[in-house]
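For reference, the structure is listed below as structure tokens.
The values are calculated or read from the model by the stated rules, or taken from the named source; none is laboratory data. Note that the structure is predicted; figures quoted are calculated from it, not measured. Every residue, glycine as well, gets a Cβ built from its backbone with ideal geometry; the counts of neighbours run over all protein chains shown.
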Amino acid sequence: MKTDSLLHMLEKQLTMLEARTAPLAQFATLGPRFDRQLFQTRSSRLDACLAEARHNLSALKQAVENQQRPQITWLAEHLAAQMEAIARETDAWSLRSWDTGSPALTRWQRKRLQHQEYERRLLEMRCQREQQLAQATGFEEQQRLSREVEACAGRLQRCRKALQDIEAVLARMTR
């Protein structure tokens, strides 16, 4: 019974971590994010790391069902370390420095990082306005919030277009 509640708590924490990292999960970096002993994936995207952590949680559940104590201990510690590393990376995202390269490449990488941060903030703003709109009672307030949601969506669309353009430039520069 105790292990079931612990597994449920781990599942809940991983789900919350996935929700917290969702705006950043698709962004790649030039260098690896984590040590190869912590994550086996070669991808530098957070969604790949989250998928690996989710897989380890499934393996942990399977080990608990089969009562494989050494494997349970190792998987639980490893999963906890993975979740902690992802949480730290998410918190430090805006401070992340890019790999060194040519000055032009570094400038474009910084520009990409800046636009990814804009996108994250715009997503937060839009979600916040949508929540306010859902709770709004007055017609004028609903109209105002609806316009703000539309404005955020337009800004988000322009930001993503700029991000695609930056990605295309970086792809051409790194070929």
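What do you reckon, is GLU130 farther than 16 Å from LEU7 by Cα, at pLDDT 90 or above and either over 17 Å from the mean Cα position of the chain (by Cα) or of a type in the set (Val, Ile, Thr) (or both)? Even if it seems obvious, please write down each step before you answer.
Numbers: farther than 16 Å from LEU7 by Cα: yes; at pLDDT 90 or above: yes; either over 17 Å from the mean Cα position of the chain (by Cα) or of a type in the set (Val, Ile, Thr) (or both): yes.
Answer is yes for this residue.
Any idea which of LEU50, LEU133 is surrounded by 16 or more Cβ atoms within 10 Å (Cβ to Cβ) and in the same structural domain as ARG20 (by TED's automatic domain parsing)? Give the steps one after another, and end with the answer.
Values: LEU133 fails: in the same structural domain as ARG20 (by TED's automatic domain parsing).
Just a single option satisfies the conditions, and that option is LEU50.
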### Query
Inside region 36-78, can you point out the residues that are part of a helix (DSSP H, G or I) and among the β-branched types (Val, Ile, Thr)?
VAL64, ILE72, THR73
### Task
Kindly indicate whether any position in region 64-83 is surrounded by fewer than 18 Cβ atoms within 10 Å (Cβ to Cβ), within 19 Å of the chain's Cα centre (by Cα) and at pLDDT 85 or above.
yes
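Let's see how each residue does on (1) touching a residue at least 40 places away in the same chain (Cβ under 8 Å); (2) farther than 20 Å from HIS8 by Cα; (3) not in a helix (DSSP H, G or I):
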site: GLU84; (1), (2), (3): no, no, no
site: TRP108; (1), (2), (3): yes, yes, no
site: LEU113; (1), (2), (3): no, yes, no
site: ALA134; (1), (2), (3): no, yes, no
site: ALA153; (1), (2), (3): no, yes, no
### Query
Among the residues of region 43-56, is there at least one that is farther than 18 Å from ASP91 by Cα and modelled with pLDDT under 85?
yes
